[in-house]
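**Q** This is the structure I have questions about; it appears just below.
Laboratory data are not the source of any read-out in this text; all were calculated from the coordinates shown. Note that the coordinates shown come from a computational prediction; the quantities given were computed from them, not determined experimentally. No Cβ is skipped: glycine too gets one built from the backbone with ideal geometry, and neighbour counts run over all protein chains shown.
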Amino acid sequence: MPRSSKKADAAKNSGVKPTLVLLVRHGQTPTTGSSLPGRAPGLHLADTGRAQAEAAATRIASLKSVAAIYASPLERTRETAAPIAKARGLKVQATRGLLECDFGDWTGSLLKDLFKLPEWATVQRYPSGFRFPNGESFTEMQQRITGTIAALVAKHPGETIVAVSHADPIKAAIAHAMGTHLDLFQRIVVSPCSVTAIAYGTSGPVVLTVNSLGDDLTKLAPS
């Protein structure tokens with residue numbers, strides 16, 4: 001029997017419905033793919049990003065119910081969450097645990113310049129051993145995002161919630177849910193306004209979809 005089926009059966013037998021967490025990356029910004037904005041304020045969605053957010057809102061609106069919408073406090077995540085919340089008649093709740101990684105001295109740097117640094121190889125191949133200068137380590141980031149998700153799951157047992165965050169925290173959360181070492185999390189792709197769905201039950205998480213950009217979210221279920 002597939003591992004996901006065993007978890008689904010265990011949750012069913014316990015009578016406890018899992019909490020479905022939809023992790024949404026913010027939409028495209030003017031700096032996407034060119035620089036590392038990090039937590040610097042003042043970065044808004046590009047026109048393409050706003051269109052992506054509206055499309056994500058339409059997809060999520062098709063679900064039977066959504067209990068709450070959470071977002072990183074940065075402008076680009078709150079702007080992505082806004083149409084999702086509007087479509088459900090909910091308010092966006094800013095949550096610091098969903099923030100982007102603190103890139104410290106690298107904040108605002110151009111990626112083409114960072115690629116030339118010897119440290120960049122460590123970022124890609126040994127992220128668990130790297131700390132951004134005067135910033136956060138990848139390990140701390142993963143502990144933060146997974147702790148935040150755990151708290152939200154505890155607050156919404158058996159419900160469906162949306163959490164709008166950033167690429168690296170979402171990738172770290174996916175790796176944790178899959179039991180994959182953090183040093184391999186760079187192999188995961190999380191595109192702007194993609195939806196990743198993870199069901200958190202009493203016997204552990206089940207990853208239902210990753211980097212979904214057009215699938216029917218109403219059909220998400222453990223196989």
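**Q** Grab every C-alpha pair in the stretch 137-223, bin the distances at 5 angstrom width from 0 up to the longest one, and report whole percents.
**A** 3, 14, 26, 27, 21, 9, 1, 0
**Q** Turning to a different aspect of this structure: What is the antiparallel percent of DSSP beta bridges lying wholly in the chain, to the nearest 5?
**A** Working: 14 of 27 bridges.
So the antiparallel bridges in the chain amount to around 50 percent.
**Q** Taking the 0 to 90 degree range and rounding to the nearest ten, how far is the long axis of helix 3-14 tilted relative to the main principal axis of the chain, both from C-alpha atoms?
**A** Roughly 50 degrees, rounded to the nearest 10.
**Q** Around Ser109, which amide H atoms from residues at least 5 apart in sequence, or from another chain, sit under 5 Å from its own amide H, with H modelled in the peptide plane?
**A** Leu36
**Q** Using the crude model of +1 on Lys and Arg Cβ and -1 on Asp and Glu Cβ, and no other charge, please compute the dipole size for the stretch 10-85 relative to its Cα centre, in debye to 20.
**A** The calculation lands at about 360 debye.
**Q** Let me ask you something else. Just how large is the dipole of the chain about the Cα centre, in debye to the nearest 20, putting +1 at every Lys and Arg Cβ and -1 at every Asp and Glu Cβ?
**A** For the chain, the charge dipole is close to 640 debye.
**Q** For each of Ser109, Ser72, Ser34, Ser194, count neighbouring Cβ atoms within 10 Å of the residue's Cβ, then give the residues from fewest to most. Kindly include the intermediate steps, with their values, before the conclusion.
**A** Working: Ser109 15, Ser72 25, Ser34 11, Ser194 20.
Ranking Ser109, Ser72, Ser34, Ser194 by Cβ neighbours within 10 Å, fewest first, gives Ser34, Ser109, Ser194, Ser72.
**Q** How much of the DSSP beta bridge set in the stretch 54-181 is antiparallel, as a percent to the nearest 5? Before the final figure, lay out each step's value.
**A** Details: 1 of 8 bridges.
Of all bridge pairs located within the stretch 54-181, approximately 10 percent are antiparallel.
**Q** If each residue's Cβ is checked for other Cβ atoms within 10 Å, how do Tyr70, Tyr126 rank with the fewest at the top?
**A** In increasing order of surrounding Cβ atoms, one gets Tyr126, Tyr70.
**Q** Now a separate question. What order, most packed first, do the peptides 111-121, 35-45 have when packing is the mean number of other Cβ atoms within 10 Å of each residue?
**A** Highest to lowest by the protection proxy: 35-45, 111-121.
**Q** Now for a separate question. Once phi is turned into ³J(HN,Hα) by the Karplus curve 6.51 cos²θ - 1.76 cosθ + 1.60 with θ = phi - 60°, what whole-Hz value does each residue of the stretch 203-219 show in order, with x for glycine and proline?
**A** 9, x, x, 10, 7, 8, 7, 10, 6, 6, 10, x, 6, 6, 6, 6, 9
**Q** Can you give me the Cα centroid spacing of the stretch 182-205 and the stretch 60-92 in angstrom?
**A** 19 Å
**Q** Next question, about the same structure. Using a/c under 1.5 as the rounded threshold, could you call the stretch 9-214 rounded, prolate or oblate? The axes a ≥ b ≥ c are square roots of the C-alpha gyration tensor eigenvalues, and prolate needs a/b larger than b/c, oblate otherwise.
**A** oblate
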